[in-house]
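Below is one structure, written out as structure tokens, with a few remarks after it.
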Amino acid sequence: IIRTIDTIEALIEKERETLSDEIQISTAADYSRFVRNRFNVVQSNGLIGLGLVAIVLWVFLNFQTAIWVALGIPFCLLGMLFALRALNYDLDVISLAGFIIVLGIIVDDAIIVSENIFRRYELGDSPIDAAVNGLNEVFRPVITTLLTTLCAFSPMFFMTGIMGKFIFVIPLVVSLALFFSLIEVTTALPAHLVPGLAKREKRENTPKLASAWFEPIRKASHKWILRALKARYIVVFAIVSFILGTLWYAKNHMDFV
């Protein structure tokens with residue numbers, strides 16, 4: 001769409017030279033601006049996601065792990081682009097909306113796997129053993145996470161009518177992203193982390209996973225979790241009551257447009 005509009009605008013500018021000043025040519029119904037806006041959103045969200053993921057992982061783990069996990073974002077995006085083209089789909093407003101939705105999902109599994117590999121290494125495993133054991137311990141939870149996300153979007157595959165034909169690409173983009181994310185976290189990510197772990201010096205004592213500044217937060221969280229578990233029936237009742245109260249308020253005091 002953008003390439004077509006650019007070509008039309010170039011032809012219009014060429015025609016202006018041959019027309020008199022009394023004739024004016026203007027562009028109407030330029031829907032390419034919506035696609036341009038979506039491209040900008042995908043680009044900005046991707047860059048912000050890369051930066052924030054790298055910073056958070058650098059603080060809690062290490063810089064090399066942060067880089068490899070963050071690179072999972074462009075890997076999944078490029079994989080989706082290749083697969084969409086192979087399936088004869090183009091980039092449009094709807095497919096780009098799927099890209100925006102999935103940007104925040106594709107790094108979750110990489111964070112889980114990398115953190116557990118790092119944990120196994122700090123517990124005394126060799127780099128290879130840390131990669132194998134760390135991935136093996138969280139493999140089923142990772143698969144479960146992917147399947148639950150896929151289940152949330154899969155009903156959109158079965159929407160009928162014209163709307164269903166348009167919306168079909170959104171769950172397709174999400175499914176492709178989850179597929180490439182699974183490939184990346186089970187093959188490329190552990191292989192990339194092993195050389196970096198091999199260069200790290202072994203410590204005599206098992207170090208803490210979090211920095212010293214995070215230790216008070218961890219202890220406070222541990223204390224509150226224990227209290228919540230002891231009063232679990234009260235906590236569950238309070239949560240259910242809050243949800244029901246929210247639904248009641250939405251039904252009686254909020255307008256649906």
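The values are calculated or read from the model by the stated rules, or taken from the named source; none is laboratory data. Here the structure is a predicted model, which is why all the values come from computation and not from measurement. We place every Cβ from the backbone using ideal geometry, glycine too, and count neighbours over all the protein chains shown. Just the protein is used for accessible areas: all its heavy atoms, side chains included, with ligands, DNA and RNA removed. Shrake-Rupley method; radii C 1.70, N 1.55, O 1.52, S 1.80 Å.
Note on surface exposure: M254, M80, M156 rank M254, M156, M80 by accessible area, highest first, 1.4 Å probe. Using the Karplus relation 6.51 cos²θ - 1.76 cosθ + 1.60 with θ = phi - 60°, the per-residue 3J(HN,Hα) values for region 78-91 come to 5, x, 5, 4, 4, 5, 4, 5, 5, 8, 6, 10, 10, 7 Hz, with x marking Gly and Pro. Which residue fluctuates most in the GNM of the chain (Cα springs below 10 Å): P216, P190, P171? Ranking P216, P190, P171 by mean-square fluctuation puts P216 first. Between I217 and L147, the distance separating the two model label sites (each 7 Å from Cα on the Cα→Cβ line) works out to 3.3 nm. In this view, the solvent-accessible surface of Y31, computed with a 1.4 Å probe and all protein chains in place, comes to about 150 Å². Largest to smallest in accessible area, the residues H192, H222 fall in the order H222, H192 (1.4 Å probe, all protein chains included).
Among D92, D30, D108, the largest mean-square fluctuation in a Gaussian network model of the chain (Cα springs under 10 Å) belongs to D30.
Over the C-alpha atoms of the chain, the Rg to Rh ratio, Rh being the Kirkwood estimate, stands at 1.11.
A straight chain from L52 to L78 at 0.36 nm per residue would run longer than the Cα-Cα distance by 7.4 nm. Summing charges over all other residues whose Cβ lies under 13 Å from the Cβ of G72, with Lys and Arg as +1 and Asp and Glu as -1, gives -3. Treating r as the C-beta distance of E22 and D92 and R0 as 45 Å, the FRET efficiency rounds to 0.75.
Considering only E137, E13, E22, give the residue with the highest GNM mean-square fluctuation for the chain, with springs between Cα atoms whenever their separation is below 10 Å. Of the options given, E22 has the highest mean-square fluctuation. Solvent exposure of I48, expressed as accessible area, is near 100 Å², computed with a probe of 1.4 Å over the protein chains only. Look at the dipole of the chain built from charges on Cβ: of L147, L229, T18, the Cα furthest out on the positive end belongs to L229. Using a probe of 1.4 Å, the accessible surface attributed to R218 totals some 110 Å² when neighbouring protein chains are kept in position. Pairs of lysines in the chain whose Cα atoms sit within less than 29 Å of one another amount to 6, provided the residues are eight or more positions apart or on different chains. Considering only protein heavy atoms and a probe of 1.4 Å, how much of the accessible area of the chain is carbon and sulfur, as a whole percent? Roughly 67 percent of what the probe reaches on the chain is carbon or sulfur.
Sorted largest first by accessible area at a 1.4 angstrom probe radius, with every protein chain in place, the residues V138, V59, V236 fall in the order V236, V59, V138.
Only helices enter this figure: runs of n ≥ 4 DSSP H residues, each worth -39500 (n - 2.57), summed and divided by the residues of the chain, yield -24500 deg cm²/dmol at 222 nm to the nearest 500.
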